[in-house]
Each structure stands twice: as C-alpha cells, then as structure tokens.
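Remarks on the structure that follows.
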Amino acid sequence: MWCKQVITIDVIEARVRGFVGDIQHPKQKKKININDLEIQLRRLMDDYFEMDGYSLFYQAIETLRAEGQLIPIQNNQYNGRTPALSLYYWVNIKVQEDKWDRLDMMKSSDQFDFSYYERHPEWQTKEEWNRIQKVYHFLKSSQERELVSFEERSLELFGHEKFLLDDDRFPGGKGFLTRVGVSEEQLKMVNHGEPFVFWMKQGKEIKDIHRVLIVENLSFFHTAIKLLEDNILDYDPELIIYGEGTKIERSFSFFFQMFPQKSYLFYYAGDLDAAGYGILVRLIEKYPDCCIQPALKMYRKMLNCLEYRNEQKQGQTQNIKYRDLFFQWFTEEEQSHLLKLWQENKRIPQEVLTIETWRRWM
C-alpha cells in the first residue's frame, strides 16, 4: 500500500509539473487558475477521486511553491477546497537551459532556419529542441505522409492535440511554427471548419444555391425556415445556416468543404448588440473574398420593435470599431436609433422576429 501511494504521488506531481512546464515562458510570468489546473488533471486520471487526488494535488502545488516555480497571488481568493489553496498563482519564468550545440544545429539546418533562435537565445531550451527534433524527423519523411487535422498532427508531434491551436494551456504553441519557420503545409495538416446546422429550401439542390442566410440564434433559425417555406422570407435564400452565436466564426470555412467553390451572396442577421456587430464584422474581415453583408431588411424589422429592447448581456465587450463599421450600413435616422440603444446599454434580441410579428409587416 505504501509503495502504491508513493507511485501515485509521483504520478500526480509529474502531471502537475508537466502542466506548469507547458505554461512557463522564458521572459515573463504567467497567471493560472488553480481550479482549471486541477480540472485538467482530473480529466486525465479516471481514478482521481478514488485515490483522494486532491490531497496529492495539494502536496504537488505546495512542492512547486516551495521550489519557487509557483507563487500564490495573495488577494483573499481561494479554491474552495480543504486544505485551501490560493485561487490564482504566478507561474515563474522558465529557468534558462544550456544553449544548444552548434554542431547539432548545423545538422538540422537543411530543414530549419535558426536565425530566430540566434537572436533570442532564451528560447534555446531543452523542450524547444525536443520539439524541433520531432518536426525534423517528420519533415524527412513527409512525402510519404497523409493530410490530417491540426489536432491529429499536434498530438503526434507534441503530445497534446491542442498544442498548435489557440489554447491558454499552451501559450507558446501557436508561435512555435513561426519561430522554427515551418508552415502548416509542410506538416501536412489542415484546420477543419466545424460542422454547422443548415436548412435547404425544398425543391432546391446544391447546384442551385446562390443566396445564403446566416442567423445567429436558434429560435429565429426555426422561424426563418417556416417563413422560407411560406415564401415570405426576405432575400428568398436557398440555404439557411444556424450560426450559433460566435461559433460561425470557427465553422464558416466548413461551408466550402460542403458546397462547390463558386460565387455566393451571404446575408447575416444577428442580435442588435455589441456581440452581434462583432460577429458580422469579423466574418467580413476574415473572408474578404466572400460577399458577406448584413440582412438589412431583417435588422430594420428589429428596429421597429424598440419596445422589446433589454439590457446588454454582461461581459460583452463594446468595441467601438465594430459598432461604427456595422452602423455605416444604415441610414442616418437608423444610425441615430442604433446609437441611442448603444448609449443606453440596450439591445434588441433577434427573437423579436417571430411568425406573428413578421406577418404584421406584410
């Protein structure tokens, strides 16, 4: 029993050290939430609760604190467990490793440009070199490899499927390819768009699609389908996509995996609020070759429902740039109404567009 307990402690501590090592940066301290760290540990260990994992997790955190790798942030916030830990910690700067051997660098220079590492020797760490070697061996046989997803290649080369994506646990992951001068194409990986829910007008085929309506919210998605089938939906789109709020920004590229590459006219309709403005503007900016514009007829119907305005959602970032770029699509009178909503911190949700309200405008 004692031997098993020692092994368990070693496993938990090794996991925690691994998490912390991934977060450490050679130039600046990083802030972590200790509860998020424990959640990651629990996901990896099926028997976490059976082994009284929190007690072992607590010991591991205290060990790293004693070593100076973790520094508790004293703000009277705790993790709500017993014994208690500070809720937030600073992850101290990574201790500089020995510089890389120049002969080893020369042997790998047929695949890599090491100029960045020459200018920034603080990145010449053991972990970084191990990653470079894994990529080097992959590139030597890349002609024989198949195209796979970011997540699949990231897991193969770096031990975690999220390493090369935007993920708080791997703040240096996405920048690794830039530092080493290797492209996504060289690693034979592709960032697949997320599937989305859509509805095609009855009697239409994929080849018939030209006008596409993207709606932010689920309620209006179903309302729009009903209006389309009744032949009273603005723009008469052949396809309606449920955007699921900001998810459409990640899933929009999936459209071109499903439908032929040709010219489409995309209309976007969302809430009249800061988040809705941002979604539309970012889509337009990210896909400049696509014709994406606001569904003005629908937004104008929403402006006729000012009595249903309510408070902006908490946590929404009120980006002035997005607001102004959205407002420019409207007339001066309409902009005055929109600006008043903004100044009053009010919004008009898309759910004002119901079957009943729609028929009033016919």
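Where a number appears in this text, it was derived from the coordinates with a stated rule and is not lab data. Computed from a predicted model, the values in this text were never measured in an experiment. Virtual Cβ from ideal backbone geometry, glycine too; neighbours counted across all protein chains shown.
Contour minus end-to-end for LYS346 and ASP10, with contour as 0.36 nm per residue of separation and end-to-end as the Cα-Cα distance?
115.6 nm
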Note to self: Tell me whether segment 210-282 comes out rounded, prolate or oblate; compute the Cα gyration tensor, take square roots of the eigenvalues as a ≥ b ≥ c, and use a/c under 1.5 as the rounded threshold.
What the structure shows: oblate
Note to self: Working only with C-alpha atoms, what are the Rg and Dmax values of segment 102-190, expressed in angstrom?
What the structure shows: 12.7, 34
Check: In the chain, which helices (entire DSSP H runs) extend 24 Å or more along their own long axis, judged by Cα positions, while averaging at least -0.5 on the Kyte-Doolittle scale?
Finding: 2-23
Margin query: I'd like the projected area of the chain, averaged over all directions, using the convex hull of its alpha carbons. Report it in nm² with one decimal.
Written below: 25.6
Checklist line | Gyration tensor (alpha-carbon) shape descriptor, segment 223-362, a/c threshold 1.5 | finding: oblate
Next item on the list: Once you have the Cα-Cα distance between LYS29 and SER55, take 0.36 nm times their residue separation minus that, and quote the gain in nm to one decimal.
Entry: 6.7 nm
Margin query: I'd like to compare 73-79, 36-42: which one has the highest average count of other Cβ atoms within 10 Å, and what's the full order after that?
Written below: 36-42, 73-79
Notebook entry, point to check: Where does each of VAL91, VAL190 land when they are ranked from fewest to most other beta-carbon atoms within 10 angstrom?
Noted result: VAL190, VAL91
Item checked: Amide N of segment 212-227 lying under 15 Å from the label point, which is placed 7 angstrom from the Cα of TYR287 along Cα→Cβ -> 212-216
Next item on the list: Using only alpha carbon pairs under 8 Å that are at least six residues apart, calculate the relative contact order of segment 2-91 and give it in whole percent.
Entry: 36
Check: Where nothing but the Cβ of Lys and Arg (+1) and of Asp and Glu (-1) is charged, how large is the charge dipole of segment 2-91 around its Cα centre, in debye to the nearest 20?
Finding: 440
Notebook entry, point to check: List the aspartates and glutamates whose alpha-carbon lies under 12 Å from that of LYS313, not counting same-chain residues fewer than 8 positions away?
Noted result: ASP271, ASP273
Note to self: Using a Förster radius of 51 Å, what is the FRET efficiency between LYS99 and SER253 based on their Cβ-Cβ separation? Nearest 0.05, please.
What the structure shows: 0.80
Next item on the list: Give me the number: length gained by fully extending ARG300 to GLU118, i.e. 0.36 nm times residue separation minus the C-alpha to C-alpha distance, one decimal in nm.
Entry: 59.8 nm
Check: So which residue, out of ILE240, ILE61, ILE320, gets the largest mean-square fluctuation from a GNM of the chain using Cα contacts under 10 Å as springs?
Finding: ILE320
